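Novice: Here's a structure for you.
The values are calculated or read from the model by the stated rules, or taken from the named source; none is laboratory data. Note that the coordinates shown come from a computational prediction; the quantities given were computed from them, not determined experimentally. Note: ideal-geometry Cβ built from the backbone for every residue, glycine included; neighbour counts use all protein chains shown.
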Amino acid sequence: MSEIDRRSFLKRAGGVGLGGIAAGYGLGAATTANASESEAEMAGRVNAAELADRRDFDGVHQAGILTPAASFATFLALDSICGGRAELMGALQTISSRARELTRGGAFPVEEYDAPPADSGTLGPVIAPDGLTVTIAFGASLFDGRYGLAARKPAHLTAMSAFPHDDLDPARTGGDVLLQIAAGHQDTVAHAVRELARPVRAELAPRWTMAGAVGAQRGPSPHSSRRNHFGFRDGTSDPDVTDPKVMDRLVWAERGGAEPAWTADGTYQVVRTIRMHVEFWDRVGLHEQEEMIGRKRDTGAPLGGTGEFENPRFDLDPRGERIALDAHIRLANPREPATIDQRILRRAWNYSQGLDPAGQLDVGLLFVAFNQNIQRQFTAIQERLNNEPMIDYVTPEGGGYFFAPAAARHPSDWVGSPLFA
Amino acid sequence: MVAIAIAAATLAALLAGCGSSSPEPVARSIRTIGAHPDITVEEVTGGHLSVQQEAAIAMERTKNPGPGGDLQPLHAEDFVKPVAEYRRYSEREAKAVQRHVESLQGDIAAGDVGAAKRDWLDAYDHYLRLGAAYGALGTLDEQIDGNSGRLPDGVHDPDFTGLHRIEMGLWTGEPTAGLRSPAAYLARRVAHLQVAVRRIAISPLTYATRAHEILEDAQRDMLSGVDAPWSGAGLRATVDSLAATEFVVRTLKPLLNGRGSTVEPVENELARFRAVVDSVRREHGGAWPALGALTQCQRERVDGSLGALLQRLDDVPGALEVKRTKPYPTIAEQRRERQ
């Protein structure tokens with residue numbers, strides 16, 4: 001291909017980002033190359049069972065919120081470098097369009113043999129859905145003066161400010177747009193991150209990214225919560241996501257009142273990257289570890305109880321003889337009538353990212369809370385936790401507050417469209 | 001350049017060695033199991049006990065403490081003398097902080113950045129040597145030694161003040177005129193330090209825990225470069241924390257003697273870490289190098305020997321308990337109690 005041909009191809013490909021609804025690469029449509037077609041068919045048969053799980057991108061609520069935490073997740077925070085509102089809308093349309101294709105899966109077209117391929121190919125010629133979800137959310141900074149959105153900011157959205165024991169790195173905090181990309185395998189997630197960033201390079205600049213994983217299901221029951229880097233089970237007392245009444249009360253944005261109408265069916269997403277000082281933790285006696293958490297490390301049962309999901313019965317223990325009054329589970333969820341509305345829907349992935357400058361493992365928790373009102377829920381809980389004994393062993397280093405709006409309603413809609421309507 | 005590298009490598013090999021320069025293991029380590037510092041078992045590697053055998057011994061000791069098993073709890077009065085000694089020590093350190101901060105204020109007023117940096121480092125040294133107290137100083141500690149990361153607007157936050165505000169200014173070439181007001185504020189806060197140190201309530205548990213945790217904080221916040229990012233004084237600061245730890249352990253030694261085999265391994269590791277940091281200092285011509293100036297080999301020796309020391313210091317609070325760990329009631333028992 002001559003230099004001119006190459007440029008004209010790039011121009012076509014680059015135009016995709018602004019093309020609006022038809023912006024996709026036509027994934028799932030018939031491929032052209034004959035050799036790869038049979039390979040594609042074979043690949044489809046081999047991975048069918050393990051990777052076939054498919055989560056709809058379109059609907060009422062975005063996928064990846066009530067969905068049980070997938071094995072792997074990457075968060076990609078992006079800053080808008082768009083010059084204007086139309087450009088931003090185009091970029092968001094493109095993100096939705098690409099996300100829809102990737103979550104659906106299929107073969108991708110090979111257009112010109114000399115040109116850079118339309119897909120990185122890291123998943124082979126057929127992209128299996130693998131339970132992929134792409135959850136799109138907006139940070140408070142998107143609602144500044146740049147795009148005329150200031151008046152439409154969700155009522156409870158602010159920038160995440162530091163709590164007393166935080167050590168926030170501004171370069172790993174905040175962002176205009178957040179993508180939570182989760183799937184059953186690490187390569188599916190990594191592929192999606194790369195393919196979602198590619199068509200919007202001129203509009204959305206990556207600000208920070210973090211990747212995490214949940215531990216394998218090691219029982220004893222299929223519902224047992226997975227463990228974090230401290231060896232304790234994480235997420236035991238989550239509210240029931242199958243009960244729409246509970247979700248309407250705790251997760252989905254309030255209707256009316258101070259909330260702008262476009263926020264309907266959306267939710268606030270809190271992300272915190274919490275460094276865990278595991279070498280230090282490993283020098284703590286088991287008794288003290290369990291006292292700090294309020295649970296047994298092996299079973300996850302509340303202290304003095306037998307099963308993970310047993311009620312810790314703080315009411316029977318008002319002086320903290322069984323579970324210390326400053327134990328993590330007691331402060332996080334006191335289970336009193338006054339704190340019922342403070343509960344959050346919690347998701348967590350463990351991260352590992354090498355060593356810190358002092359040669360210590362840089363590992364921690366990618367903590368996510370979905371809630372109806374950040375101040376009423378997440379912040380209220382966090383303020384109780386400010387001085388918990390466990391705080392010596394963790395350092396929150398980044399994250400942000402975001403608003404994840406309703407899902408795209410149909411394949412020609414896009415996430416965030418009501419904000420611009 | 002090559003000659004320097006070779007000399008450094010030779011010294012390193014003499015003391016501890018790094019990477020391929022030291023194929024031989026330094027020493028066979030002895031391991032303590034769980035909360036029973038009196039049980040030491042030779043490392044399985046090269047030893048004669050399997051992991052299962054070690055675990056079985058530890059379990060047996062847990063079930064039947066007996067003579068030589070679990071330790072009798074100490075009395076709170078046993079800690080009166082060590083804490084009083086520590087209090088006198090920390091008052092001396094507080095006074096030194098005040099003296100250096102006054103000089104710092106003068107240097108800044110005179111626009112002498114070189115002298116200001118020296119006095120800043122001295123003030124910081126003595127503040128960190130308070131060690132055992134700083135967790136108990138609360139707001140005063142934040143005003144003197146607070147970092148920007150906990151503040152909403154970071155280094156631009158109006159509440160970012162104290163030692164690290166001045167550190168930022170001195171090491172980033174800010175005009176000294178802008179540092180006069182932070183220096184005056186710091187001097188006013190530091191003036192309260194001596195009285196605050198004298199009044200701190202220190203429980204036996206807190207004091208024993210400090211023997212371990214002063215250096216845990218140093219590893220987390222200082223050797224990582226988080227606490228003094230502009231001056232790069234993380235190694236020097238860690239050595240101050242070592243000095244504080246050495247003092248606390250010295251005061252606790254009479255209590256530790258005869259309580260399992262805690263003292264000797266702790267003293268050995270303290271001495272080893274001291275020797276490592278001293279050799280690193282010599283390799284840098286006798287001055288404390290900034291964190292960024294350490295070679296990978298030096299960093300690994302410092303990190304590794306501190307890690308080994310921390311694993312030993314961890315035994316100190318356990319050996320000095322003033323009460324037995326009480327079993328907590330079960331939910332069923334509390335339910336019955338209610339009825």
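Novice: Under the condition of being farther than 18 Å from A:Gln382 by Cα and either among the small types (Gly, Ala, Ser) or within 20 Å of the chain's Cα centre (by Cα) (or both), which residue from segment A:149-166 is farthest from the other protein chains (Cβ to nearest Cβ)?
Specialist: A:Ala151
Novice: OK, next. Which residues, taken from segment A:380-400, are within 13 Å of chain B (Cβ to nearest Cβ) and not acidic (Asp, Glu)?
Specialist: Once the filter is applied, which keeps residues that are within 13 Å of chain B (Cβ to nearest Cβ) and not acidic (Asp, Glu), segment A:380-400 yields A:Asn386, A:Asn387, A:Pro389, A:Ile391, A:Tyr393, A:Val394, A:Thr395, A:Pro396, A:Gly398.
Novice: Mind counting the residues in segment A:278-298 that are free of Cβ contacts under 8 Å to residues at least 60 places away in the same chain, away from chain B (no Cβ under 11 Å) and crowded, with 21+ Cβ neighbours inside 10 Å?
Specialist: Residues that pass the stated criteria total 0.
Novice: Go through segment A:130-166 and report how many residues are in contact with a helix residue (DSSP H, G or I) (Cβ under 9 Å, 6 or more places away or on another chain) and part of a loop (DSSP other than H, G, I, E, B).
Specialist: Count: 18.
Novice: Ok, one more. If the requirement is being facing chain A (nearest Cβ under 8 Å), under 16 Å from B:Ala271 (Cβ atoms) and in contact (Cβ under 8 Å) with a residue 12 or more places away in the chain, which of these qualifies: B:Gly318, B:Gly304?
Specialist: Within the list B:Gly318, B:Gly304, the selection yields B:Gly304.
Novice: For residues that are on the phi > 0 side of the Ramachandran plot and either part of a loop (DSSP other than H, G, I, E, B) or among the β-branched types (Val, Ile, Thr) (or both), tally how many sit in segment B:105-159.
Specialist: 2
Novice: Out of A:Phe403, A:Phe420, which single residue is buried (at least 23 other Cβ atoms within 10 Å of the Cβ), under 25 Å from the mean Cα position of the chain (by Cα) and away from chain B (no Cβ under 14 Å)?
Specialist: A:Phe403
Novice: Search segment A:190-206 for residues that are closer than 16 Å to A:Phe75 by Cβ and pair each with any residue that is outside any helix (DSSP H, G or I) and charged (D, E, K, R) when their beta-carbon atoms are under 6 Å apart and the residues are at least 6 apart or on different chains.
Specialist: A:Ala205/A:Asp79
Novice: If you don't mind, there's one more thing I want to ask. Are any residues in segment A:70-102 farther than 19 Å from A:Arg194 by Cβ and among the acidic types (Asp, Glu), and if so, which ones?
Specialist: A:Glu87 - this is the single residue of segment A:70-102 that is farther than 19 Å from A:Arg194 by Cβ and among the acidic types (Asp, Glu).
Novice: Next question. Across segment B:286-329, what is the number of residues that are over 19 Å from the mean Cα position of the chain (by Cα) and farther than 20 Å from B:Asp240 by Cβ?
Specialist: The total comes to 12.
Novice: Sticking with this structure for a sec: Within segment B:137-176, which residues are within 14 Å of chain A (Cβ to nearest Cβ) and β-branched (Val, Ile, Thr)?
Specialist: Within segment B:137-176, B:Thr139, B:Val155 meet the criteria.
Novice: When you go through (1) more than 14 Å from chain B (Cβ to nearest Cβ); (2) surrounded by 16 or more Cβ atoms within 10 Å (Cβ to Cβ) one by one for A:Arg201, which number turns out not to apply?
Specialist: The one condition A:Arg201 does not meet is (2).
Novice: A further question follows. Do you know which residues across segment A:110-161 are charged (D, E, K, R) and either touching a residue at least 12 places away in the same chain (Cβ under 8 Å) or in contact with a strand residue (DSSP E or B) (Cβ under 7 Å, 6 or more places away or on another chain) (or both)?
Specialist: A:Glu111, A:Glu112, A:Asp114, A:Asp119, A:Asp130, A:Arg146, A:Arg152, A:Lys153
Novice: Step by step: first the residues of segment A:167-194, then only those that are in a loop (DSSP other than H, G, I, E, B), over 14 Å from the mean Cα position of the chain (by Cα) and crowded, with 24+ Cβ neighbours inside 10 Å, then the one that is nearest to the other protein chains (Cβ to nearest Cβ). Which residue is that?
Specialist: The residue in question is A:Leu168.
Novice: Would you say B:Leu186 is in a helix (DSSP H, G or I) and farther than 16 Å from B:Val113 by Cα?
Specialist: Taking the combined requirement at face value, the residue satisfies it.
Novice: Is there a residue being part of a helix (DSSP H, G or I) and either surrounded by fewer than 18 Cβ atoms within 10 Å (Cβ to Cβ) or modelled with pLDDT of 95 or more (or both) anywhere in segment A:263-277?
Specialist: Yes, segment A:263-277 contains at least one residue that is part of a helix (DSSP H, G or I) and either surrounded by fewer than 18 Cβ atoms within 10 Å (Cβ to Cβ) or modelled with pLDDT of 95 or more (or both).
Novice: Can you pull out the residues in segment A:87-126 that are under 22 Å from A:Gln186 (Cβ atoms) and of a type in the set (Phe, Trp, Tyr)?
Specialist: Hit for segment A:87-126 is A:Phe108, nothing else.
Novice: So, one more: Considering only segment A:339-353, I want to know if a residue exists there that is within 30 Å of A:Glu259 (Cβ to Cβ) and loosely packed, with under 15 Cβ neighbours inside 10 Å.
Specialist: Scanning segment A:339-353 turns up at least one residue that is within 30 Å of A:Glu259 (Cβ to Cβ) and loosely packed, with under 15 Cβ neighbours inside 10 Å.
Novice: What's the total number of residues in segment A:81-129 that are hydroxyl-bearing (Ser, Thr, Tyr), within 25 Å of the chain's Cα centre (by Cα) and assigned to a loop (DSSP other than H, G, I, E, B)?
Specialist: 2
Novice: Looking at (1) without any contact (Cβ under 8 Å) to a residue 60 or more places away in the chain; (2) more than 14 Å from chain A (Cβ to nearest Cβ); (3) more than 29 Å from B:Glu77 (Cβ to Cβ), which is the only condition B:Ala191 fails?
Specialist: That leaves (1) as the condition not met.
Novice: Identify, please: which residue in segment A:71-89 is surrounded by fewer than 22 Cβ atoms within 10 Å (Cβ to Cβ) and in contact with an Asp or Glu (Cβ under 7 Å, 6 or more places away or on another chain) and is, among those, farthest from A:Tyr351 (Cα to Cα)?
Specialist: A:Glu87
Novice: Only one residue in B:Thr238, B:Thr262, B:Thr295, B:Thr251 is hydroxyl-bearing (Ser, Thr, Tyr), under 16 Å from B:Asp314 (Cβ atoms) and crowded, with 16+ Cβ neighbours inside 10 Å, so which one is that?
Specialist: Just a single option satisfies the conditions, and that option is B:Thr262.
Novice: In addition: Of these, A:Glu290, A:Glu310, which one is assigned to a helix (DSSP H, G or I) and modelled with pLDDT of 95 or more?
Specialist: That would be A:Glu290, the only listed residue that is assigned to a helix (DSSP H, G or I) and modelled with pLDDT of 95 or more.
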